[in-house]
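Before any comments, here is the structure.
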Amino acid sequence: LYTQIFDTYLNYLLSENFPIEFFIEGTRSRNGRLLPPQFGMLSRIVGGFADGNASKLTFAPVGIDYDRIFEEGAYQRELKGGKKEKEGPLALLKVLRSLAGRRGRVYLRFGEFIDVGEFCQARGFELGQSATRREATRELAAEIVARIQEARTVTGSALVAAGLLAGPGGPLHYRQLLDRAEFFRQLLIFRKVHLGVDLGPEAPFHSRQEALEGALVRFQDAGYVLAAGEDPGDTFEAVPAHYLQL
(Lines give C-alpha, C1' and ligand atoms only; values in the text may rest on other atoms or scores of the structure.)
Protein backbone atom coordinates (compact mmCIF):
# COMPACT_ATOMS: atom_id res chain seq x y z
CA LEU A 1 0.00 0.00 0.00
CA TYR A 2 2.78 2.42 0.90
CA THR A 3 4.56 1.77 -2.42
CA GLN A 4 1.38 2.38 -4.41
CA ILE A 5 0.64 5.64 -2.56
CA PHE A 6 4.21 6.84 -2.95
CA ASP A 7 4.30 6.07 -6.69
CA THR A 8 0.95 7.83 -7.18
CA TYR A 9 2.20 10.91 -5.36
CA LEU A 10 5.48 10.90 -7.33
CA ASN A 11 3.63 10.64 -10.63
CA TYR A 12 1.41 13.56 -9.57
CA LEU A 13 4.52 15.69 -8.92
CA LEU A 14 5.90 14.76 -12.33
CA SER A 15 2.62 15.53 -14.12
CA GLU A 16 2.43 18.96 -12.46
CA ASN A 17 6.10 19.76 -13.22
CA PHE A 18 7.12 20.12 -9.58
CA PRO A 19 10.88 20.03 -8.93
CA ILE A 20 11.93 16.90 -7.04
CA GLU A 21 15.12 16.78 -4.96
CA PHE A 22 16.75 13.53 -3.86
CA PHE A 23 20.21 12.24 -2.99
CA ILE A 24 21.26 9.62 -5.50
CA GLU A 25 23.80 8.02 -3.13
CA GLY A 26 21.01 7.19 -0.69
CA THR A 27 23.15 7.99 2.36
CA ARG A 28 26.16 10.10 3.23
CA SER A 29 29.72 9.13 2.45
CA ARG A 30 32.03 8.44 5.37
CA ASN A 31 35.16 9.66 3.59
CA GLY A 32 33.82 12.39 1.30
CA ARG A 33 34.03 10.35 -1.89
CA LEU A 34 30.86 9.83 -3.87
CA LEU A 35 29.21 6.48 -3.21
CA PRO A 36 27.77 4.19 -5.91
CA PRO A 37 24.30 5.39 -6.96
CA GLN A 38 21.12 3.88 -5.59
CA PHE A 39 18.42 3.12 -8.16
CA GLY A 40 15.14 3.14 -6.21
CA MET A 41 14.08 6.77 -6.50
CA LEU A 42 15.71 7.23 -9.89
CA SER A 43 13.97 4.21 -11.43
CA ARG A 44 10.59 5.40 -10.12
CA ILE A 45 11.06 8.85 -11.68
CA VAL A 46 12.28 7.40 -14.99
CA GLY A 47 9.37 4.93 -14.92
CA GLY A 48 6.89 7.75 -14.36
CA PHE A 49 8.37 9.61 -17.32
CA ALA A 50 8.23 6.48 -19.49
CA ASP A 51 4.56 5.97 -18.55
CA GLY A 52 3.71 9.45 -19.85
CA ASN A 53 3.33 11.29 -16.55
CA ALA A 54 5.70 14.03 -17.79
CA SER A 55 6.36 15.30 -21.30
CA LYS A 56 9.93 16.27 -20.42
CA LEU A 57 12.35 15.16 -17.70
CA THR A 58 15.61 16.92 -16.87
CA PHE A 59 18.11 16.08 -14.11
CA ALA A 60 20.21 18.85 -12.58
CA PRO A 61 23.30 17.36 -10.87
CA VAL A 62 24.42 19.38 -7.83
CA GLY A 63 27.74 19.26 -5.99
CA ILE A 64 27.80 20.54 -2.39
CA ASP A 65 31.07 21.05 -0.53
CA TYR A 66 32.06 22.66 2.78
CA ASP A 67 35.17 24.30 4.16
CA ARG A 68 34.32 22.49 7.40
CA ILE A 69 31.35 20.17 7.85
CA PHE A 70 29.16 20.32 10.96
CA GLU A 71 29.36 16.65 11.86
CA GLU A 72 33.11 16.12 12.10
CA GLY A 73 32.83 14.20 15.37
CA ALA A 74 30.17 11.90 13.93
CA TYR A 75 32.28 11.25 10.84
CA GLN A 76 35.24 10.28 13.01
CA ARG A 77 33.12 7.81 15.00
CA GLU A 78 31.74 6.29 11.80
CA LEU A 79 35.20 5.98 10.21
CA LYS A 80 36.22 3.99 13.28
CA GLY A 81 33.30 1.62 12.73
CA GLY A 82 30.57 3.29 14.78
CA LYS A 83 26.98 3.43 13.58
CA LYS A 84 25.29 6.60 12.44
CA GLU A 85 23.28 8.11 15.28
CA LYS A 86 19.58 8.68 14.74
CA GLU A 87 18.57 12.28 14.18
CA GLY A 88 16.56 13.99 16.88
CA PRO A 89 16.14 17.17 18.97
CA LEU A 90 19.52 16.65 20.67
CA ALA A 91 21.31 16.51 17.31
CA LEU A 92 19.61 19.77 16.30
CA LEU A 93 20.86 21.45 19.47
CA LYS A 94 24.40 20.31 18.71
CA VAL A 95 24.18 21.84 15.23
CA LEU A 96 22.90 25.13 16.62
CA ARG A 97 25.76 25.20 19.13
CA SER A 98 28.31 24.60 16.40
CA LEU A 99 27.05 27.60 14.42
CA ALA A 100 29.04 29.81 16.78
CA GLY A 101 32.35 28.54 15.36
CA ARG A 102 34.07 29.72 12.17
CA ARG A 103 33.40 27.13 9.48
CA GLY A 104 34.07 29.02 6.28
CA ARG A 105 31.96 28.71 3.17
CA VAL A 106 29.50 26.26 1.65
CA TYR A 107 29.82 25.73 -2.11
CA LEU A 108 26.83 24.68 -4.21
CA ARG A 109 27.53 24.20 -7.90
CA PHE A 110 25.30 22.87 -10.69
CA GLY A 111 26.66 20.39 -13.18
CA GLU A 112 25.58 20.09 -16.80
CA PHE A 113 21.87 19.26 -17.00
CA ILE A 114 20.71 15.94 -18.48
CA ASP A 115 17.64 15.82 -20.70
CA VAL A 116 16.43 12.23 -20.31
CA GLY A 117 14.71 12.13 -23.71
CA GLU A 118 17.86 13.27 -25.51
CA PHE A 119 20.01 10.99 -23.34
CA CYS A 120 17.99 7.89 -24.29
CA GLN A 121 17.70 8.84 -27.95
CA ALA A 122 21.47 9.29 -28.26
CA ARG A 123 22.05 5.82 -26.78
CA GLY A 124 19.18 4.04 -28.51
CA PHE A 125 17.21 3.25 -25.33
CA GLU A 126 13.48 2.51 -25.60
CA LEU A 127 12.00 3.23 -22.19
CA GLY A 128 8.82 1.36 -23.05
CA GLN A 129 10.66 -1.96 -22.63
CA SER A 130 11.36 -2.94 -19.00
CA ALA A 131 14.76 -4.52 -19.67
CA THR A 132 15.92 -1.54 -21.72
CA ARG A 133 14.54 0.82 -19.07
CA ARG A 134 16.67 -0.83 -16.37
CA GLU A 135 19.79 -0.51 -18.53
CA ALA A 136 18.97 3.13 -19.29
CA THR A 137 18.47 3.84 -15.58
CA ARG A 138 21.87 2.35 -14.72
CA GLU A 139 23.65 4.41 -17.37
CA LEU A 140 21.73 7.52 -16.37
CA ALA A 141 22.71 7.02 -12.71
CA ALA A 142 26.38 6.70 -13.66
CA GLU A 143 26.16 9.87 -15.77
CA ILE A 144 24.48 11.83 -12.95
CA VAL A 145 27.18 10.79 -10.45
CA ALA A 146 29.93 11.71 -12.94
CA ARG A 147 28.44 15.16 -13.46
CA ILE A 148 28.04 15.69 -9.71
CA GLN A 149 31.73 14.89 -9.35
CA GLU A 150 32.59 17.39 -12.09
CA ALA A 151 30.54 20.04 -10.26
CA ARG A 152 32.29 19.63 -6.92
CA THR A 153 34.57 22.30 -5.45
CA VAL A 154 38.00 21.84 -3.87
CA THR A 155 38.13 24.22 -0.90
CA GLY A 156 41.00 26.02 0.79
CA SER A 157 40.52 23.71 3.76
CA ALA A 158 41.08 20.69 1.52
CA LEU A 159 44.31 22.17 0.14
CA VAL A 160 45.66 22.96 3.61
CA ALA A 161 44.67 19.53 4.97
CA ALA A 162 46.37 17.84 2.02
CA GLY A 163 49.50 19.89 2.65
CA LEU A 164 49.55 18.95 6.34
CA LEU A 165 49.02 15.23 5.71
CA ALA A 166 51.24 14.79 2.64
CA GLY A 167 54.56 13.15 3.47
CA PRO A 168 55.88 12.16 6.89
CA GLY A 169 54.43 13.70 10.04
CA GLY A 170 56.07 16.43 12.04
CA PRO A 171 56.10 20.24 12.06
CA LEU A 172 55.96 22.10 8.75
CA HIS A 173 57.32 25.58 8.25
CA TYR A 174 54.65 28.06 7.18
CA ARG A 175 56.23 28.59 3.76
CA GLN A 176 56.62 24.83 3.22
CA LEU A 177 52.93 24.31 3.99
CA LEU A 178 51.91 27.02 1.53
CA ASP A 179 54.19 25.52 -1.14
CA ARG A 180 52.52 22.13 -0.72
CA ALA A 181 49.05 23.67 -0.97
CA GLU A 182 50.16 25.58 -4.08
CA PHE A 183 51.42 22.36 -5.67
CA PHE A 184 48.00 20.75 -5.24
CA ARG A 185 46.29 23.92 -6.48
CA GLN A 186 48.34 23.96 -9.68
CA LEU A 187 47.64 20.26 -10.25
CA LEU A 188 43.91 20.85 -9.89
CA ILE A 189 44.01 23.85 -12.22
CA PHE A 190 45.73 21.64 -14.81
CA ARG A 191 42.90 19.12 -14.41
CA LYS A 192 40.31 21.94 -14.72
CA VAL A 193 38.80 21.26 -11.29
CA HIS A 194 36.62 23.90 -9.62
CA LEU A 195 38.40 25.71 -6.80
CA GLY A 196 37.06 27.72 -3.87
CA VAL A 197 36.85 31.50 -3.60
CA ASP A 198 40.22 33.28 -4.18
CA LEU A 199 41.92 30.05 -5.27
CA GLY A 200 41.20 29.97 -9.00
CA PRO A 201 43.71 30.38 -11.86
CA GLU A 202 43.38 34.18 -11.94
CA ALA A 203 43.49 34.75 -8.17
CA PRO A 204 46.40 37.00 -7.08
CA PHE A 205 48.98 35.70 -4.62
CA HIS A 206 47.76 37.74 -1.64
CA SER A 207 44.16 36.50 -2.11
CA ARG A 208 45.29 32.88 -2.31
CA GLN A 209 47.41 33.33 0.81
CA GLU A 210 44.51 34.85 2.75
CA ALA A 211 42.21 32.00 1.73
CA LEU A 212 44.72 29.37 2.89
CA GLU A 213 45.47 31.26 6.10
CA GLY A 214 41.74 31.39 6.84
CA ALA A 215 41.54 27.60 6.53
CA LEU A 216 44.57 27.23 8.80
CA VAL A 217 43.00 29.47 11.45
CA ARG A 218 39.79 27.41 11.38
CA PHE A 219 41.79 24.23 11.94
CA GLN A 220 43.64 25.87 14.84
CA ASP A 221 40.35 27.00 16.39
CA ALA A 222 39.11 23.41 16.20
CA GLY A 223 42.29 22.08 17.83
CA TYR A 224 43.24 20.03 14.75
CA VAL A 225 46.49 21.95 14.14
CA LEU A 226 49.14 23.24 16.55
CA ALA A 227 51.30 26.29 15.85
CA ALA A 228 54.81 26.53 17.30
CA GLY A 229 58.16 28.22 16.75
CA GLU A 230 59.96 31.35 17.91
CA ASP A 231 57.38 33.52 16.16
CA PRO A 232 53.67 32.69 16.57
CA GLY A 233 52.64 30.52 13.65
CA ASP A 234 56.22 29.83 12.52
CA THR A 235 55.54 26.09 12.14
CA PHE A 236 52.37 24.04 12.01
CA GLU A 237 51.66 20.42 12.84
CA ALA A 238 48.56 18.26 12.48
CA VAL A 239 47.43 16.77 15.79
CA PRO A 240 47.60 12.96 15.34
CA ALA A 241 44.29 12.44 17.18
CA HIS A 242 42.54 14.52 14.51
CA TYR A 243 44.02 13.01 11.34
CA LEU A 244 40.64 11.51 10.44
CA GLN A 245 38.87 14.88 10.52
CA LEU A 246 41.60 16.41 8.35
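The values are calculated or read from the model by the stated rules, or taken from the named source; none is laboratory data. Just so we're clear, the structure is a prediction, and the values are computed from it rather than from any experiment. Here the Cβ positions follow ideal geometry from the backbone for every residue, glycine too, while neighbour counts run over all protein chains shown. Just the protein is used for accessible areas: all its heavy atoms, side chains included, with ligands, DNA and RNA removed. Shrake-Rupley method; radii C 1.70, N 1.55, O 1.52, S 1.80 Å.
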Taking the Cβ-Cβ separation of His173 and Ser207 as r and a Förster radius of 25 Å, what is the calculated FRET efficiency to the nearest 0.05?
0.70
Rounded, prolate or oblate for region 200-246? Axes are the square roots of the Cα gyration tensor eigenvalues, ordered a ≥ b ≥ c, and the cut-off for rounded is a/c under 1.5.
oblate
Between Arg123 and Phe39, what is the spin-label point distance in nm, taking each point 7 Å from the Cα along the Cα→C-beta axis?
1.2 nm
Quote to one decimal, in nm, the extra length available between Phe110 and Phe70 on full extension: 0.36 nm per residue of separation minus the C-alpha distance between them.
12.2 nm
Hey, any idea what % of the chain's accessible area is carbon plus sulfur with a 1.4 Å probe?
55 percent
In whole Hz, the Karplus estimates of ³J(HN,Hα) for region 48-63 (6.51, -1.76, 1.60; θ = phi - 60°; x where Gly or Pro) are x, 5, 5, 7, x, 7, 8, 7, 8, 9, 10, 9, 10, x, 10, x
Ignoring everything except DSSP H segments at least 4 long, calculate the 222 nm mean residue ellipticity for the chain; use -39,500 (n - 2.57) per segment, divide by total residues, nearest 500.
-15000 deg cm²/dmol
Residue-wise, which Karplus ³J(HN,Hα) couplings in Hz belong to region 150-155, taking 6.51 cos²θ - 1.76 cosθ + 1.60, θ = phi - 60°, and x for glycine or proline?
5, 8, 6, 10, 8, 8
The chain accessible area per residue, 1.4 Å probe, protein heavy atoms, integer Å², reads 62 Å²
Using a simple charge model, +1 on the beta-carbon of Lys and Arg, -1 on the beta-carbon of Asp and Glu, nothing else, what dipole does region 134-246 show about its Cα centre, in debye to the nearest 20?
520 debye
Modelled label reach - Ala142, point 7 Å along Cα→Cβ, region 114-131 residues with backbone N closer than 15 Å
120, 123-125
State whether region 1-79 is rounded, prolate or oblate according to the following rule on the C-alpha gyration tensor (a ≥ b ≥ c being the square roots of its eigenvalues): a/c under 1.5 gives rounded; otherwise a/b larger than b/c gives prolate, and the remaining case gives oblate.
prolate
Counting only residues 5 or more places away or on other chains, whose amide H sits under 5 Å from the amide H of Tyr66 once H atoms are built in the peptide plane?
Tyr107
I need the phi-derived Karplus couplings for region 215-224: 6.51 cos²θ - 1.76 cosθ + 1.60, θ = phi - 60°, integer Hz, Gly and Pro marked x.
5, 5, 5, 5, 5, 5, 4, 7, x, 7
Once you order the gyration tensor axes a ≥ b ≥ c over the Cα atoms, which shape class does the chain get: rounded for a/c under 1.5, otherwise prolate or oblate by comparing a/b with b/c?
prolate
Determine the dipole magnitude for the chain: charges of +1 sit on the beta-carbon of Lys and Arg, -1 on that of Asp and Glu, nothing else is charged, the reference point is the Cα centre, and the result goes in debye to the nearest 20.
560 debye
Expressed as an acute angle from 0 to 90° and rounded to the nearest 10, what is the orientation of the C-alpha long axis of helix 2-15 relative to the principal long axis of the chain?
90 degrees
Extreme residue, positive dipole direction of the chain, given options Gly117, Pro204, Gly223 (C-beta unit charges)
Gly223
